[in-house]
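**Student:** Here it is: the structure, laid out below.
What follows draws every value from the coordinates through simple rules; no lab data is involved. In this text the structure is predicted, and so the values were computed from the model without any measurement. Every residue, glycine as well, gets a Cβ built from its backbone with ideal geometry; the counts of neighbours run over all protein chains shown.
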Amino acid sequence: MSFMRSYPNNIPLSAAVVRRIADHVGRYEFARLYGNFAGPPVPADGRAVVQRSAERYAEWVSGVHDDLT
């Protein structure tokens, strides 16, 4: 999963917005994910994949892992 304000300009969403999206999407039961770009679909556990990806993304854009770069 990726969370971008603008893919062509490579502008990310803020951590707060990503977490808000994950909270909204987390209200629904779903298993599969289909992408807009290249890559195989996620066949199962899609809801958990979104939640894990959103948290990882939010941590990176908020600077939690800056010591690793």
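**Student:** Could you tally the net charge around His24, taking each other residue with its Cβ under 15 Å from the Cβ of His24, Lys/Arg +1 and Asp/Glu -1?
**Tutor:** +1
**Student:** If you fit an axis through the alpha-carbon atoms of helix 46-61 and take the longest principal axis of the Cα set of the chain, what angle between them do you get, 0 to 90°, nearest 10?
**Tutor:** Rounded to the nearest ten degrees, it is 10.
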